[in-house]
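Step one of this worksheet: look at the structure below.
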Amino acid sequence: MSLTPLTLGYIPLVDAAPLIIARELGFAEQEGLALSLRAAPSWSTLRDLVALGQIEGAHMLAPVPVATALGLGGLPTRLDALCVLSVGGNTVGVSTALADQMRKAGHGFDFADATAAGTSLIAAAGQTLRIGVPFPFSMHAELLYYWLGALGLEAPQALDVRTLPPPLMAEALAAGDIDAFCVGAPWGSIAVENGSGELLLPTSAIWSFAPEKVLATRHDWAESEPDLAARLIRTMWRACRWLAEPSNRMTASEILARPDYLNLPAEMLERSLSGALVISPRGDQRMTPGFLHFHAGAATFPWRSQAGWIAARLAARTGLDRDAAQRAAKQVFRSDLYRDALASTAAPLPGASEKLEGALDAPTEVTTQSGSLVLQPDRFFDGQIFDPAAP
Amino acid sequence: MPDRLSIVVVEQDRERALLIVDSLRASGDHEIHVISERHGLARLISERNPDVVLVDIASPSRDMLEELTLASSPLDRPVAMFVDQSSDSLTRAAIEAGVSAYVVDGMAPGRIKPVLDAAITRFHMFQSMRAELAATKRALEERKIIDRAKGVLMKARGLSEDEAYALLRKTAMDQGKKMVDVAEALVTAAGLLS
């Protein structure tokens with residue numbers, strides 16, 4: 001059988017793993033796809049390459065297709081999220097100077113309590129807290145606004161969230177241009193490794209089941225190539241299931257570490273995959289179960305309520321109509337295509353495509369079309385519940 | 001003059017920036033600023049308050065410009081990524097050539113087209129020059145390593161230069177490796193043993 005060539009773009013990050021594993025371990029080939037991967041220098045360029053049809057799809061920040069649907073940034077070409085590729089996996093870090101100050105003021109760096117960490121950070125930072133994020137339309141930015149906003153810090157007066165490419169974060173931290181950062185793995189660990197920062201919090205402590213990256217394609221492509229889209233969804237689902245096996249982490253980190261991909265020490269990548277993060281240059285380690293999900297709790301299912309949450313947040317801070325934004329956003333999270341693609345497989349498919357976000361405190365079994373599924377805790381640090389149907 | 005455009009070029013390489021400026025000047029009487037600073041890019045741009053921002057798409061700094069597309073940015077005038085009203089062919093050509101343009105919302109495509117055309121030509125030329133330079137550098141590096149490996153073999157086994165080269169090539173073929181990889185391993189091993 002001849003394979004269908006297909007190119008996906010990615011940014012060299014730990015959570016590009018589903019694409020890399022799909023190619024290297026033959027999950028793409030199993031679906032008849034000859035998968036090529038292309039690394040991009042920036043999120044805006046990756047988005048434009050997809051929008052202009054130079055590549056079929058990409059590993060994309062979950063808010064990017066939503067922002068595009070709302071007319072924020074980039075070309076007006078509609079992008080769809082065919083599936084989620086990862087949940088969580090980001091860390092908030094602070095400069096070593098700020099960390100010392102917070103420690104003196106009594107903060108324990110437990111790497112778990114978002115209220116305590118946020119309160120201590122706000123107290124230590126002074127007038128305006130300046131935090132670097134990789135992209136304006138990112139879960140990094142949304143979770144920071146949510147977390148610090150709930151603790152009383154108002155943007156833009158007291159909170160200045162700035163876009164900085166991750167390779168420049170450490171430099172900016174050292175130069176005093178920013179007080180803190182929120183980045184995806186492995187950049188938090190790199191800041192610790194080179195002594196420029198300490199990790200304060202995993203973003204899973206802010207929202208324990210936040211969709212992080214999605215597989216994005218052009219809407220037109222997904223509509224005109226339903227068979228290819230379905231094969232791509234199945235490929236990603238299988239790669240994500242493989243990645244979720246703890247016994248595969250070592251192999252996965254070795255593959256990701258290769259010069260062609262992340263070109264970093266495998267040991268550092270394994271820390272992110274296992275959630276055993278080193279949080280300070282002195283070597284303090286914290287275990288964070290659920291730091292990064294690829295598969296558990298139907299992690300790859302593109303919940304329309306997740307798109308709704310992102311849209312509600314984006315609308316609030318850009319002055320758009322909340323209802324219209326949510327309606328537009330829900331259309332681009334293609335739970336319909338996901339269901340069609342995986343109906344013939346063992347994948348458990350949730351009974352609904354929307355849920356209350358933030359309602360689960362513990363793993364919860366729910367019935368599905370074919371059996372049952374254990375959803376993972378998805379609570380927000382402040383106990384709020386997001387109802388996608390609420391006006 | 002109302003037709004005068006204010007253009008900011010984000011480019012770290014000074015020589016390249018100058019050439020881009022030259023070609024933009026040739027396309028019309030514009031006010032052109034080059035920003036090479038990576039820190040505070042959004043702030044520096046908003047101070048200039050330009051009509052057009054041109055940036056290399058290979059630069060990770062491009063993501064910083066996305067902030068300008070948000071209404072809440074320090075820039076008063078909203079900025080959009082340039083899209084030709086009738087088709088996206090010009091944007092596509094720009095992206096292929098490796099340049100991205102951010103344009104103040106509502107500017108007529110007719111005014112921006114000559115600027116973008118000039119930028120595309122210049123960026124395109126640079127892209128191929130850059131690729132050529134990288135390939136040449138790599139070839140030189142490889143030759144240096146192979147020469148050193150030949151030297152190691154000639155000294156250690158008393159071979160002639162041709163024989164040393166032939167041995168390297170045969171070993172590479174037998175092991176299914178690139179010659180430069182075999183040479184590199186040999187040079188490293190020789191360094192460790194000496």
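Rule-based calculations on the coordinates, nothing more; no lab input. Only a predicted model underlies this, so the values are computations on that prediction, with no experimental measurement involved. When we count neighbours, we look across all protein chains shown, and the Cβ atoms used for this are built from the backbone with ideal geometry, even at glycine.
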B:HIS33 neighbourhood, Cβ < 10 Å, K/R = +1, D/E = -1, net charge -1
Computed Rg/Rh for the protein assembly as shown (Cα atoms; Rh = Kirkwood radius) stands at 0.99
Amide H neighbours of A:LEU200 at under 5 Å, excluding residues fewer than 5 places away on the same chain, with H built from the backbone geometry, are A:VAL92, A:GLY93, A:VAL94
In whole Hz, the Karplus estimates of ³J(HN,Hα) for the range A:179-188 (6.51, -1.76, 1.60; θ = phi - 60°; x where Gly or Pro) are 9, 7, 9, 10, 9, x, 5, x, 5, x
Here FRET efficiency (C-beta to C-beta, B:SER128 to A:VAL374, R₀ 45 Å, nearest 0.05) is 0.25
For the protein assembly as shown, percent of DSSP beta bridges that are antiparallel (nearest 5) comes out at 60 percent
Bridge orientation stat for the range A:90-209 from DSSP, antiparallel percent rounded to 5, came to 60 percent
Among B:LYS144/B:LYS170; B:LYS155/B:LYS177; A:LYS213/B:LYS113, the pairs whose Cα-Cα distance exceeds 30 Å are A:LYS213/B:LYS113
Looking only at aspartates and glutamates whose Cα falls under 16 Å of B:LYS178's and that sit 8 or more positions away or on another chain, we get B:GLU141, B:GLU142, B:ASP147
One checks the Cα atoms of the range A:170-213 and finds Rg and Dmax, in Å, of 11.5, 34
Averaged over residues of A:35-47, the number of beta carbons from other chains lying within 10 Å of each residue's Cβ is 4
The ³J(HN,Hα) series, computed from each phi in the range A:68-77 with the Karplus coefficients 6.51, -1.76 and 1.60 at θ = phi - 60°, rounded to the nearest Hz and given as x for glycine or proline, is 4, 5, 8, x, 9, x, x, 6, x, 7
Here P(r) for the range A:90-209, Cα-Cα distances in 10 Å bins, as whole percents, is 15, 54, 31, 1
Kirkwood Rh over alpha-carbon pairs of the range B:136-193 plugged into Stokes-Einstein at 4 °C, 1.567 mPa s gives a D in µm²/s of 115 µm²/s
The range A:1-100: Kirkwood hydrodynamic radius (Cα pairs, Å) comes out at 15.1 Å
Scoring chain A by relative contact order with C-alpha pairs under 8 Å, at least six apart, yields a percentage of 21 percent
